[in-house]
Every structure is written in C-alpha cells, then in structure tokens.
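Starting off with a structure, shown below.
The values are calculated or read from the model by the stated rules, or taken from the named source; none is laboratory data. This structure is a prediction, so every number in the text was calculated from the model and none was measured. Backbone-built Cβ (ideal geometry, glycine too); neighbour counts: all protein chains shown.
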Amino acid sequence: MNREEARLELDATTLRPQDASPEARALAANDPELAAWLEQRTAFDESVADAFQNLPVAPGLRESILSAAYARPHKSTRWLTPTLIAAAACLAFGWTLFWPGNSAMAAWESESLAAVAKVEYGVVKLDEHAATLEAVKKLLNATGCPCPETVPTKLAGLPTYGCKRIRVDGRAATIICFELESGKEAHLVVMSSQNLCDCPAQDTPCFKSAKNWSYASWSHGEQAFILATTADEAALKKLFGLV
C-alpha cells in the first residue's frame, strides 16, 4: 500500500478509525505528512458531524436535492468532501434506509437504538476512547456519567472502542462500544431505570429485532440496559451465555 492508497482509505474512515486497515494506520503513524493531513481531516469531519448531529430533516429536503441535481447536471460536485456528501445523504433520506426505531418499540428503546445507529455508522464520534471495559468505567466514573454496575460476563471480557454520552427519554445515558470476534460491534446503552416507562424486567434479557439490528433489553437494580448489534441474534445471545 502506498501513501495515496492509504490516504483514500483513511479519508473514508476518519470518524471510525478502527475500520481502517492496519497497513493504512501504520503508514499514517510513520509518515509525518500523512499524519498531519489525517489529524486536520479528522478534526474537520468531526466538526461537521457535530454540526449535523441534532439537525432536524426539513420537510421535502430529499425532493429538493434531487430536483436541483436533475435541473443542473452540468455542475460538478467534486468540491464536496465525502463527509459533507454523507451528511447530506443522511439528512435527505431521513435515515430511512437504516433507522432502527419503529412505533411498536418503547420510546426509550427507539431513542437508544437511534443513538447507537449514529455511532455504528460514524455519524457521531465517540467522546472517549479506551481499549477495555474497566478503562471505560474509570472514565465514566470520573465524569459522573451513567456507568454499568454489572454487565454479562462474556461482554465484560471483550475489547472496547470507547464511549459516547447521550440523552434518552430526557435522562443521561451512556453508549459503550464493544468489538465482537466477527469484526462486528455490540453497543451497550445504560441509564437510570427510575420512573422509566416500559422498564424491562430485572436480570432477564428480552431479545428483539428491528430492521438489521438484534438487541436485548433488561434492568438490574436501578439501571436499564439495551445491548444492540448488527450481528445475528445467536451472536447476541452468546454474550449472555445462552448459546
């Protein structure tokens, strides 16, 4: 892999650096010019992601974009960065292709999965990066963010990418991202269960699915949890020692 090949790959994974190949990451680590470019590009993409994170989709935006595109075919769009194109696409289509929530779900479950999807697809960045659950818990406890009192044993042993602070049902919550053996990810959402509507059963995970997501919800003590993944339900149940 040469520098330009590495640049193209790194350019596509600035918000999800774990998706870049070891070769590309190694080149960036040993090439000062490439490293400086990556740092600048990452900062820009993160600022764009932050700007779009809570921006609502205007009615008719998709139709307006398509209409303008067909009406002005001679205009080049090469000046647009991949991040801006991706952000515009997400806004225009309202996440309809991969938005996991639906009206049959509890509101807190739908909000949690929506936040997880943003992390999974690189629309928002993690607040903190850490390689183990214990390291993540130290970061969360130091900042007073919701931190899981206990998690399934098999999940606790997995490598982690880090965590993201969010709000669900008006309350503080945290997403912790784990790496599965298959190269997939599992995202744990934890929050207070006090006065939570449709609070799940204590210590008994309920397995459900939504579009291409498998997830389980449960509670323990005064905390409520969702564990979601795009891997199949068998992989999810394995984390609970059920397969």
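Any idea how many residues of region 26-46 are crowded, with 17+ Cβ neighbours inside 10 Å, within 19 Å of Glu128 (Cα to Cα) and either in the same structural domain as Lys164 (by TED's automatic domain parsing) or modelled with pLDDT of 80 or more (or both)?
Looking only at that region, the number is 1.
What about Lys164, is it charged (D, E, K, R), outside any helix (DSSP H, G or I), under 18 Å from the mean Cα position of the chain (by Cα) and crowded, with 18+ Cβ neighbours inside 10 Å?
yes
Pairs under 8 Å by beta carbon, first residue within 27 Å of Asp127 (Cβ to Cβ) and at pLDDT 75 or above in region 1-19, partner surrounded by fewer than 16 Cβ atoms within 10 Å (Cβ to Cβ) and among the hydroxyl-bearing types (Ser, Thr, Tyr), six or more apart or different chains?
Final answer for the pair search is Glu9/Ser21.
Every residue in region 178-211 that is aliphatic (A, V, I, L, M) and either buried (at least 20 other Cβ atoms within 10 Å of the Cβ) or without any contact (Cβ under 8 Å) to a residue 24 or more places away in the chain (or both), please.
Across region 178-211, the qualifying residues are Ala186, Leu188, Val189, Val190, Met191, Ala201.
Moving on. Show the residue pairs meeting these rules: Cβ distance below 7 Å; 6+ apart or different chains; first residue within region 212-229 and at negative phi; second residue charged (D, E, K, R) and crowded, with 24+ Cβ neighbours inside 10 Å.
Hits for this filter: Ser217/Glu109; Ile226/Glu109.
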